[in-house]
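A short write-up of the structure that comes next.
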Amino acid sequence: MDLKKTIIEVFKDVNSIKEEGALASYIPELANVNAKKFGVHISTLSGMNFGLGNFEEKFSIQSISKVLSLCLAYQMLSGELWNRVGVEPSGTAFNSLTQLEKDRGIPRNPFINAGALVIADILLSNLADPKRDLLTFIRGLSGNQDVNYSSKIASSEKSIGYRNVALCNFIKCFGNIKNEPEEVLDFYFDLCSIELSCQDLSALFLFLANNGKTIQGNKQILLPSKTKRINALMQTCGFYDESGEFAFKVGLPGKSGVGGGIIAIHPGQYAIAVWSPQLNAKGNSYKGMKFLEEFTTLSQLSIF
Ligand code: GLN
């Protein structure tokens, strides 16, 4: 299978389909992104790196960073993590409040906003300087020392972050946020604001295809048993109430963000990142989903 040829073919096909969806303009700064951007980059365990389109351009990774904050928390803690956050798909939108009341402040999973706020709280409790330590973790994984937060995007999101403020306060009233909500929210907005390119993302996430070990440096980031669980969570919860659809059509563990990025992992094979900022009704990249569906169909490289 010539993966480069497949990517070129699928990129051309998907690039020519009519644009659908909308920018995540509820975050004012994200309304300024050029909707036409489209990039893809693959990194394989056999050492192939290949990108097309705007694959070197940095964009706001938004909820993709929730996988990274979870990995950092999971490095430090084990089973006790799952007393604070569940491992079930929510079947609701990423910013939904409805289940929290019934579930008494225990979010369904770490990838909905409620769950990511609890993970941010755990990092605040366990790290000396969580903002710096998360960045060091991400820079180390990507091998790119230029990775950074965007204060412009973080403050833009903070200016309209009423739902996340509500989520955080609601969880706090059940006792599942230990720090001050304001601090947790600031860290949450920061971690959503991280900017990476498709090239950075596929290189960075390759350790999840490699039993938790980096390719460069051969460093064990997460135990193989924990790595499997992160991939399982991405498979079942990575696309909010579209997770079933993504498993059905694409067949890979993955994670989306409202910046229009998607990362997908094939354990034992590759990591692939796609970016196209226009989102479907569920908040996932319209073209990104299409690209990955056609890519795993033609390459026959899904996990099923
Ligand atoms: N920062 C965004 C929010 O909290 C992240 C959402 C996402 O990427 N799905 O609304």
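Only the coordinates and a few stated rules stand behind these numbers; no lab work does. Source: prediction; values computed, not measured. In this analysis, Cβ positions are derived from the backbone assuming ideal geometry, glycine residues included, and neighbour counts consider all displayed protein chains.
Using a cutoff of 8 angstrom between alpha carbon atoms and counting only pairs six or more residues apart, the relative contact order for segment 85-217 works out to 28 percent.
Within the shell of other residues whose beta carbon sits under 12 angstrom from the beta carbon of GLY21, the net charge comes to +2, with Lys and Arg scored +1 and Asp and Glu -1. Near PHE111, once Lys and Arg are set to +1 and Asp and Glu to -1 for all other residues with Cβ below 10 Å from its Cβ, the sum equals +3. What is the angle, in °, between the Cα long axis of helix 3-16 and the longest principal axis of the Cα atoms in the chain? Nearest 10 is fine, range 0 to 90. Rounded to the nearest ten degrees, it is 80. Panel order for MET76, MET289, by other beta carbons found within 10 Å of each beta carbon, from fewest to most: MET76, MET289. Shown here are the Rg and Dmax of the Cα trace of segment 201-256, at 12.0, 37 Å.
Axis of helix 162-173 versus longest Cα principal axis of the chain: the two differ by about 50°, to the nearest ten degrees. Our note on the geometry: Cα centres of segment 192-238 and segment 42-103, 10 Å apart.
Note on the chain: Cα-Cα pairs beyond 36 Å make up 9% of the total pair count. Charge tally for ASN144 (other residues, Cβ to Cβ under 14 Å; Lys, Arg +1; Asp, Glu -1): -3. Under the combined filter of DSSP loop state and at most 16 neighbouring Cβ atoms within 10 Å, segment 26-98 retains these chymotrypsin sites (Phe, Trp or Tyr not before Pro): TYR26. Ranked for footprinting exposure by Cβ neighbours inside 10 Å, fewest first, VAL33, VAL184 give VAL33, VAL184. Taking 1.002 mPa s as the viscosity and 20 °C as the temperature, the Stokes-Einstein diffusion coefficient of segment 182-232 based on its alpha-carbon Kirkwood radius rounds to 171 µm²/s. With 31 Å as the limit, the listed pairs LYS12/LYS158; LYS219/LYS287; LYS102/LYS219; LYS158/LYS255; LYS58/LYS131 have LYS12/LYS158; LYS219/LYS287; LYS102/LYS219 beyond it between alpha carbons. The value of relative contact order for the chain, using C-alpha pairs under 8 Å at least six residues apart, is 28 percent. The string of couplings for segment 202-213 from the Karplus curve (6.51, -1.76, 1.60, θ = phi - 60°) is 5, 5, 5, 7, 4, 4, 6, 8, 10, 6, x, 10 Hz, one whole number per residue in order, with x for Gly and Pro.
Calculate, in whole percent, how much of the Cα-Cα pair population of segment 21-116 lies beyond 16 Å. Counting pairs separated by more than 16 Å, the tail of P(r) holds 69 percent.
Amide H to amide H, with H built 1.01 Å from N, VAL87 comes under 5 Å of no residue 5 or more places away or on another chain. As an equivalent ellipsoid, segment 157-252 spans semi-axes of 29, 18, 16 angstrom, where each value is the square root of five times an eigenvalue of the C-alpha gyration tensor, largest first. Cross-link partners for LYS4 among the aspartates and glutamates, with Cα-Cα distance under 13 Å and sequence neighbours closer than 8 places in the same chain left out, do not exist in this structure. Calculated on the alpha-carbon coordinates, the convex hull of segment 37-81 measures out at 105 cubic angstrom per residue. In sequence order, segment 251-268 has phi-based couplings of x, 9, x, x, 8, 10, x, 6, x, x, x, 9, 10, 9, 10, 10, x, x Hz under the Karplus curve 6.51 cos²θ - 1.76 cosθ + 1.60, θ = phi - 60°, and Gly or Pro positions carry x. Across segment 83-193, Cα-Cα pairs farther apart than 23 Å form 28% of the total. As a proxy for reagent exposure, GLU80, GLU56 were ordered by neighbouring Cβ count within 10 angstrom, fewest first; the result is GLU80, GLU56. In percent, how large is the relative contact order of segment 232-284, given Cα pairs closer than 8 Å and 6 or more residues apart? Result for segment 232-284 is 29 percent.
Taking trypsin sites (Lys or Arg not before Pro) across segment 147-223, the ones in a DSSP loop with at most 16 further Cβ atoms lying within 10 angstrom of their Cβ are LYS178, LYS219.
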